[in-house]
Each structure stands twice: as structure tokens, then as C-alpha cells.
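Asks: Below is a structure I'd like to ask you about.
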Amino acid sequence: MHDSLIETLKILGGKKDLNHSIKFIKPRLLIKHKKAGVKYTVKKIIFDEETKAPIVICYRYYGPNSKKKVYIKINKKQFSKYEPV
């Protein structure tokens, strides 16, 4: 895992374990875009086939009393724009 990615995740509240991995992002985790204040729920984490970088797939509900979801992909360059709720 790249040092910059580890540092970013540690800033977001991740914890580095003895095996030097980060235990932080997992399904059902609620995160918030810092500037916009929009909250998302983590659906799953995938890895880019070429770069092997993590991509976080999140969703939020929209509309009053709606069950409709909007999905977004957050790549590692965008991690610093989000924080756990």
C-alpha cells in the first residue's frame, strides 16, 4: 500500500494494524463530502484493474421518502474530500 494512501486514510480515521494495512473503509460506513455536506453510504470497495488503486462505490437516497439511489465512485485522489460521520 502506498504511503500517501495510508496517510490519507489515517487522516480520515483509519487505523494501521500490525500488518501495515488500514482497517477503515467497509460497506455500510457513512461518509460525508466535507465541502458540500452530502452524506453517502459505502456500498463496496473495488480495485482498478490497471493501477490496482482502491475505488469506493457509495450511494445516497434522493427525493422525499424516496427509495431511489444515486451512486458515485470515489477514487484515491478524492479521499481527502470525504470524512466519516
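Asks: Is there any pair linking a residue in the stretch 54-67 that is among the basic types (Lys, Arg) to one that is assigned to a loop (DSSP other than H, G, I, E, B) and surrounded by 10 or more Cβ atoms within 10 Å (Cβ to Cβ), with Cβ under 7 Å and at least six apart or on different chains, and which?
Replies: ARG60/VAL38
Residue-by-condition table, conditions (1) in contact with a Pro (Cβ under 8 Å, 6 or more places away or on another chain); (2) under 18 Å from PRO27 (Cβ atoms); (3) not basic (Lys, Arg):
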residue: PHE47; (1), (2), (3): yes, yes, yes
residue: LYS77; (1), (2), (3): no, no, no
residue: LYS81; (1), (2), (3): no, no, no
residue: PRO84; (1), (2), (3): no, yes, yes
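Asks: Quick check: is even one residue across the stretch 31-44 surrounded by 11 or more Cβ atoms within 10 Å (Cβ to Cβ), modelled with pLDDT under 90, in contact with a strand residue (DSSP E or B) (Cβ under 7 Å, 6 or more places away or on another chain) and of a type outside the set (Asp, Glu)?
Replies: no
Asks: Where residues in the stretch 28-42 are of a type in the set (D, E, K, R) and part of a loop (DSSP other than H, G, I, E, B), which of them is farthest from VAL85 (Cα to Cα)?
Replies: Initially, the stretch 28-42 is screened for residues of a type in the set (D, E, K, R), giving 28, 32, 34-35, 39.
Still in the running and part of a loop (DSSP other than H, G, I, E, B): 28, 34-35.
Working: ARG28: 11, LYS34: 10, LYS35: 14 Å.
If we take residues in the stretch 28-42 being of a type in the set (D, E, K, R) and part of a loop (DSSP other than H, G, I, E, B), then LYS35 is farthest from VAL85 (Cα to Cα).
Asks: Quick check on my filter: what residues within the stretch 62-85 are of a type in the set (S, T, N, Q) and out of contact with any strand residue (DSSP E or B) (no Cβ under 8 Å at 6 or more places or on another chain)? Talk me through it step by step, then tell me what you get.
Replies: Filtering the stretch 62-85 down to residues of a type in the set (S, T, N, Q) leaves 65-66, 75, 78, 80.
Within the stretch 62-85, ASN65, SER66, GLN78, SER80 qualify.
Asks: If you don't mind, another one. Scanning for something closer than 16 Å to PRO84 by Cβ, surrounded by 10 or more Cβ atoms within 10 Å (Cβ to Cβ) and at pLDDT below 90, does the stretch 56-66 turn up at least one residue?
Replies: no
The values are calculated or read from the model by the stated rules, or taken from the named source; none is laboratory data. Bear in mind that the values here come from a model prediction, so they are computed numbers and not experimental data. All Cβ positions, glycine included, derive from the backbone under ideal geometry; neighbour counts span all protein chains shown.
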